[in-house]
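The values are calculated or read from the model by the stated rules, or taken from the named source; none is laboratory data. Since this is a predicted model, take the numbers as computed values, not measurements. Here the Cβ positions follow ideal geometry from the backbone for every residue, glycine too, while neighbour counts run over all protein chains shown.
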Amino acid sequence: MLDLSTQEAEQLAIDFLLQDLNIPEDDHGYFAVLTTYETGSEWYVVEIGIEGLPDKWAVQVYDTRECDPCYAFVSPMPASEDADLNEFPASIAEIVATERTGGRI
């Protein structure tokens with residue numbers, strides 16, 4: 001049994017990801033938790049995405065309230081595809097385009 005609620009894990013994950021990606025505060029509202037699930041008795045996996053995009057980040061949140069800095073990015077989009085990013089703020093478009101090419105911010 002985890003000593004961490006699902007809601008706590010979700011908030012920790014989204015705060016961690018937004019800080020790690022250096023997302024400006026004005027753009028935080030674009031990110032949302034997609035799913036959360038327990039993987040055993042020691043951590044949650046929290047999937048975070050941006051409404052309107054198929055991409056997502058998977059962040060592990062341990063019962064110690066720490067997030068694993070080696071989170072995963074998953075996208076069905078080809079690395080060269082960025083036309084769907086035109087409607088988003090530059091900070092978000094740049095991060096997603098970089099992640100899609102396998103680069104790290």
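A few comments on the model shown:
- Within the range 60-81, being small (Gly, Ala, Ser) and modelled with pLDDT under 95 holds for 75, 79, 80.
- Number of residues in the range 23-52 that are within 30 Å of residue 83 (Cα to Cα), part of a loop (DSSP other than H, G, I, E, B) and either in contact with a strand residue (DSSP E or B) (Cβ under 8 Å, 6 or more places away or on another chain) or modelled with pLDDT of 95 or more (or both): the value is 3.
- Residues of the range 88-104 that are over 15 Å from the mean Cα position of the chain (by Cα) and part of a helix (DSSP H, G or I): 90 alone.
- Residue 9 being under 9 Å from the mean Cα position of the chain (by Cα), in a helix (DSSP H, G or I), over 26 Å from residue 86 (Cβ atoms) and at pLDDT 95 or above: no
- Residue 93 meets each of the listed conditions (1) of a type outside the set (D, E, K, R); (2) over 26 Å from residue 4 (Cβ atoms); (3) exposed (fewer than 14 other Cβ atoms within 10 Å of the Cβ) apart from (3).
- Among residues of the range 34-52, those that are touching a helix residue (DSSP H, G or I) at 6+ places or on another chain (Cβ under 7 Å) and buried (at least 18 other Cβ atoms within 10 Å of the Cβ), counted: 4
- Yes/no for residue 6 being under 14 Å from residue 57 (Cα atoms) and surrounded by 12 or more Cβ atoms within 10 Å (Cβ to Cβ): no
- Qualifying residue in the range 56-66 (condition: surrounded by fewer than 10 Cβ atoms within 10 Å (Cβ to Cβ) and either in contact with a strand residue (DSSP E or B) (Cβ under 6 Å, 6 or more places away or on another chain) or of a type in the set (Asp, Glu) (or both)): no
- Set 90, 58: member being at negative phi and free of Cβ contacts under 8 Å to residues at least 12 places away in the same chain: 90
- Scanning the range 66-78 turns up at least one residue that is polar (S, T, N, Q) and in a loop (DSSP other than H, G, I, E, B).
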